[in-house]
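Heads up: the structure comes next, in structure tokens.
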């Protein structure tokens, strides 16, 4: 679907705002959750599990909701996710035990699976040919901007008014997004797919996409980044507060500068991905974050951490729109919701594994080795992706050549 005129632009703006609100709400609690959990007596493993619950449960359902959106429509699924986010935000206020946080993060993952992949699939179908990078970069500007503003606002609200206030703010933002989606976002159904499958069948059907080396490559790349991000996100607040003595607001600023850098670069780098080689942009950008991960243990203050966050943000800014543009191309072949759901599912599983691995490393080896592990896992995934993406030309104007049969003999 590629509407012209005001309907196209209005739909894209609403999707950007919805992604911004979702990311801002989540960003509110990123610098708070590990410390919040620790005040309830959570160990390092518990903290890892709490962080992992969201991406793990989200991952199990992303393909299901992505596939449903291809046949049943996308608007109502997005609405259901936003409503659930609002309810979960209020649930954090009454939590008193680590198990409560774990369960809330699980449910939050379910509702996230209804928003992120479906909104991305909606934007993918809006994308005109040869402008996939620009459209997905525009959408991700809202996503990264939300994560940029959320942590510092959440940290300031928590420092000034207490831990509960950011959760109330998260509920309000979700409510605003619900109103905008109801009023301005038209329903969208794919004209190419009509499926009536059980959830397990949807997941099995999506796994058939791995017959394509290009699909395997883009999934490997996003998973590599996701695993490193899972370790980094779960341990950064503790490292910054316990090892460097930073406040919640300072931790929020570190997370903010990373996401703000990524947000500023998304649209422009998306335009680059529409004109230059998408494959090499995606691969090169994905190698910047591991460099920063390796340098984290050497940081001695907020200034050092801010510089490392900028490096990670630049990597996200370069790699994300290029890799998502490739995913949109594949979505036109296999089903947009199913393809985007598969990419998001595997990335979320990788984030969950990274969060758990980070918690185990924290308890057994300390934070330094956890960040080294994050770098190693990310680099390994990038080289695996490079191997599979050898079949993808990544040429300008979005042209691509799939040579799976030749590559497989």
Next item on the list: Taking the residues in segment 127-136 that are more than 15 Å from residue 14 (Cα to Cα) and at pLDDT 90 or above as candidates, determine which candidate is surrounded by the most Cβ atoms within 10 Å (Cβ to Cβ).
Entry: 133
Check: Just for segment 379-394: of the residues that are on the phi < 0 side of the Ramachandran plot and outside any helix (DSSP H, G or I), which one is nearest to the chain's Cα centre (by Cα)?
Finding: 392
Item checked: segment 1-36: number of residues that are under 17 Å from residue 147 (Cα atoms), at pLDDT below 80 and surrounded by fewer than 20 Cβ atoms within 10 Å (Cβ to Cβ) -> 0
Notebook entry, point to check: If you take just the helices (runs of 4 or more DSSP H) that sit entirely in segment 266-377, which of them hold at least 3 residues that are within 24 Å of residue 117 (Cβ to Cβ), in contact with a helix residue (DSSP H, G or I) (Cβ under 7 Å, 6 or more places away or on another chain) and at pLDDT 90 or above?
Noted result: 278-286, 302-334, 336-364
Next item on the list: With the condition kept exactly as written, say whether any residue in segment 51-69 is surrounded by fewer than 21 Cβ atoms within 10 Å (Cβ to Cβ), modelled with pLDDT of 85 or more and under 28 Å from residue 249 (Cα atoms).
Entry: no
Next item on the list: Would you please name the residue that is modelled with the lowest pLDDT, looking only at residues in segment 188-204 that are in contact with a helix residue (DSSP H, G or I) (Cβ under 7 Å, 6 or more places away or on another chain) and part of a helix (DSSP H, G or I)?
Entry: 199
Item checked: Matching residues, segment 176-187, being part of a helix (DSSP H, G or I) and either surrounded by 16 or more Cβ atoms within 10 Å (Cβ to Cβ) or without any contact (Cβ under 8 Å) to a residue 24 or more places away in the chain (or both) -> 177, 178, 179, 180, 181, 183
Next item on the list: Go over the candidates 107, 118 one by one and state the one that is surrounded by fewer than 21 Cβ atoms within 10 Å (Cβ to Cβ), out of contact with any strand residue (DSSP E or B) (no Cβ under 9 Å at 6 or more places or on another chain) and modelled with pLDDT of 90 or more.
Entry: 107
Note to self: Here is a list: 335, 376, 313. Which entry is under 19 Å from the mean Cα position of the chain (by Cα) and within 21 Å of residue 220 (Cα to Cα)?
What the structure shows: 313
Next item on the list: May I ask you to say which residue of 358, 313, 317 is over 22 Å from residue 136 (Cα atoms) and in contact (Cβ under 8 Å) with a residue 12 or more places away in the chain?
Entry: 358
Margin query: Please determine whether any residue of segment 239-248 is assigned to a helix (DSSP H, G or I) and within 15 Å of the chain's Cα centre (by Cα).
Written below: no
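Table: residues versus (1) more than 24 Å from residue 202 (Cβ to Cβ); (2) surrounded by 24 or more Cβ atoms within 10 Å (Cβ to Cβ).
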| residue | (1), (2) |
| --- | --- |
| 298 | yes, no |
| 322 | yes, yes |
| 325 | yes, yes |
| 334 | no, no |
| 366 | yes, no |
| 375 | yes, no |
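The values are calculated or read from the model by the stated rules, or taken from the named source; none is laboratory data. The structure displayed is predicted, hence computed values, not measured ones. Ideal geometry is used to build each Cβ from the backbone, glycine not excepted, and the neighbour counts take in all protein chains shown.
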